[in-house]
Each structure stands twice: as C-alpha cells, then as structure tokens.
Amino acid sequence: MGHVDHGKTSLLDRIRGSSVVSTEEGAITQHIGATLVPIDAITRMGGALSKVSVNVPGLLFIDTPGHHAFTTLRARGGALADMAIVVVDINEGFRPQTIEALQILRNYKTPFVIAANKVDRIPGWRVQQNQPFLKTFAQQNERVQGMLETKVYELVGKLSDLGFNSERFDRVSDFARNICIVPTSAITGEGLPDILIVLIGLAQRYMTESLKVSAEGPGVGTVLEVKEERGLGMTLDLILYDGNLKVGDEIVVAGNDQIIETKVRSLLKPRPMSEILIEERFERVKSVTAAAGIKVAAPKLDGVIAGSPLRVVRGGNREEVIERVRHEVQDIEVNLSDV
Ligand code: GDP
C-alpha cells in the first residue's frame, strides 16, 4: 500500500525479478493477482535469515498496485492480507494515500512494515546493489548517513502523530511495540533482504493462527477481481488463503444484493513466461491448495463484488456456509464505513 509513484509496483517487480529459473526448487512463481516467494528464495536473498529459526513456508504477495479496482480493494485489502508493506518515498515523506493506508491498517489491526523507499535518490548516495541496509549504510559518507537519519526521524514523527510508535528496523527489539521502518530502494535492491526478514519476523510473531493454513479443509478465499475473459466468460481472481479448491466444488460468494451459489467450472493459473508463445494464456488445473492466487471460472458470477469472501460447501454444511458469507460481507461494509 502507499501513495502513487512511491514505488509499490517497482518493489514487487524487484522481489519477483530476484527469481532464479522458474523450474528450480524454491523458485518464485507468478500466481493470479499474486506472487509466491517460498522461504528458500527469501533465504537466498537475505543471508541473515539463516540465524533465525523459520517456520514460515513463504510469503504470498498480493499484487494490488495499479489494479483498476484499487480504490475499493485498498479499503478491503487490509482485511484480505495478514500483513502489509506501506511504501513511502523517503524523499517526499507521507502523502494523503500513505495516511489513508495507515488508517485502514489500523482499523483492521493488520501488522505492517514501512518501506522507506528510494534511498538511492538521496543526494550523494553510493549504490551497493542488493545489499542489506546496514552494509550499504556503512558505505555512505557521514553527510548522507545524517540525511537518511533525518528523513527516517521525520517518518517516525509523522507516525507518532498518527499514534504509532516506530523505529528504524535494526533498532527495534520488540515487534509488538514498534513499527519497523526499513530503508529500501526498489531500483537497486538495497534493503530488500531486510524487508523480507522483517516480514518473516512479523509473520512468526503475529500469524500463529493464520500460519495454521490447512491443505485439507474446504477452501476459503477473498475475491480480488471479477472480470470477463475471452472464451471463459465471467471469472473471479481469487486469493485462496485456507483449504483447497477443486473443479466441481460448490462455492458461495457475495453478489451486489444477494448471495450467489455456483459450481467451479475451471481453475486457471498463469502460464510460465517460458511458455508465453502458447495461444491460451492460462493453464487449467484440477485443484489448488492455500495459499495461492487462482482464477475461477463458473456460471452465475455476474454481480459478484470485489472483496467478497468465497467459501466452498463440502460435507452438507450449505446453510452454515451461506450464513457465514452473509455475515462476512456485513463485516466488510461496517469496517469500510469506519475508514
Ligand atoms: P507506484 O505507483 O507506487 O506503484 O510506483 P512505481 O513503482 O510505479 O514507481 C514510480 C516511479 O518511481 C517509477 O518511475 C519507478 O521507476 C520509480 N522508483 C520506484 N522505486 C524507486 C527507487 O527505489 N529508486 C528510484 N530511483 N526510483 C524508484
């Protein structure tokens, strides 16, 4: 999340770009509306991680920037994600959308980290490609170091005005008391290993419940986008965050003014870049397991709202599932009106 042009897209691109050959074990893979970065890939980027014991399988980054339904998603994004990165241009400081993002995260009590981005634009900055922050910071002259510190403290001050305690991440010892500010450059990759490590730290600290993602149960997800695709009809781009989803599954989603029950006709993944010449853009799969981004084709999807929950009906609990979806949609509406 963050103000336009502060570097959200570039940061995600840089994380994706660090991928090795996509067939390799532990490689970064592109999902629908999301990018999966397995823990092996994170470890490769951030050497310091080897010192920490990690029980997170990886991170699924939801690609909200530049999304055409971004305005509504931004408000709902807080509910859909376990954690967030708020990107702020360190040279510009907070802008209206930065503040809006922070208010949404506060409403949803979503843990987050601040990427104080574009450090390479600080006058006199000496680039150390892909280096962890402290390594690159040590290579800067005193004036540049001083300038970075001043800018970080400006952010700390602004965050304090909004009721958040924060500190540069390397000085934070308790994630529960302080928001971490990580200086980054999406262009040079500096500070990127650190932001990934802080995210893993936050996950281990706060996500003990959500980390119990089950592969077995009926699928649960959030609709990112509803769109018509040539040859497929109406489709949903879905973030599946629990359980599994299969072709033929009965699903429940929320429409504009009613609950919609339908059946999954097909599940589609993006094709790897290497197969880009193949006519069909998507690859059909029979089932998918959380966490994942997937495209769902099904009848009767007209009117499904972006941000809606999606739940699979399995084992005769149809009424209960419908009631839960109805309830969750009301929750979203209540929370939105608080923002
Ligand atoms: P978004 O609107 O938040 O998604 O921002 P973008 O990722 O599109 O970035 C806006 C502009 O800032 C682009 O021209 C990027 O190349 C540039 N940019 C983003 N991050 C950095 C950075 O860390 N350093 C520098 N020098 N430029 C950046």
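The values are calculated or read from the model by the stated rules, or taken from the named source; none is laboratory data. Because the structure is a prediction, the values reported are computed rather than measured. All Cβ positions, glycine included, derive from the backbone under ideal geometry; neighbour counts span all protein chains shown. For accessibility, only protein heavy atoms count, side chains too; no ligands or nucleic acids. Shrake-Rupley method; radii C 1.70, N 1.55, O 1.52, S 1.80 Å.
The accessible area of ARG311, taken with all protein chains in place and a 1.4 Å probe, comes to roughly 30 Å². Amide H of HIS31: which non-local residues (sequence gap of 5 or more, or other chain) have their own amide H closer than 5 Å, using H built in the peptide plane? Here the answer is LEU36, since their amide H atoms fall under 5 Å of that of HIS31.
Counting only Cβ charges, +1 for Lys and Arg and -1 for Asp and Glu, the dipole size of the range 187-271 around its Cα centre is about 300 debye.
Only the Cβ atoms of Lys and Arg (+1) and of Asp and Glu (-1) were treated as charged; on that basis the dipole of the range 154-296 about its Cα centre amounts to roughly 260 debye.
For the range 223-277 and the range 142-178, what is the centre-to-centre distance using only Cα atoms, to the nearest Å? What the calculation gives is 41 Å, centre to centre. Annotation: LYS135 carries an accessible surface of approximately 130 Å², with a 1.4 Å probe and no ligand, DNA or RNA atoms counted. Semi-axes of the equivalent ellipsoid for the range 191-261, computed as √(5λ) from the eigenvalues of its C-alpha gyration tensor and ordered from largest down, come to 31, 17, 12 Å.
In this label model, ILE259 and ARG326 are separated by 0.5 nm, measuring between points 7 Å along each Cα→Cβ vector. Our Cα-only numbers for the range 223-292 put the radius of gyration and Dmax at 13.2, 42 Å.
Just subtract the alpha-carbon distance of THR9 and GLN129 from 0.36 nm times their residue separation and send over the number in nm, one decimal.
The THR9-GLN129 span can extend by a further 41.3 nm.
With a Förster radius of 41 Å applied to the C-beta separation of ASP170 and ASN107, the computed FRET efficiency comes to 0.90. Phi angles of the range 143-154 translate, via the Karplus equation with coefficients 6.51, -1.76, 1.60 and θ = phi - 60°, into HN-Hα couplings of 5, 5, 4, x, 5, 4, 4, 4, 5, 4, 5, 4 Hz per residue; Gly and Pro are given as x.
By a 1.4 Å probe calculation restricted to protein chains, GLU280 has an accessible surface near 80 Å², given to the nearest 10. Counting only Cβ charges, +1 for Lys and Arg and -1 for Asp and Glu, the dipole size of the range 135-192 around its Cα centre is about 40 debye. Pairs spanning more than 19 Å between alpha-carbon atoms, out of LYS227/LYS263; LYS263/LYS286; LYS227/LYS286; LYS109/LYS227; LYS227/LYS300: LYS227/LYS286; LYS109/LYS227. Computed on protein heavy atoms with a 1.4 Å probe, the accessible areas place ASP242, ASP82, ASP302 in the order ASP302, ASP82, ASP242, largest first.
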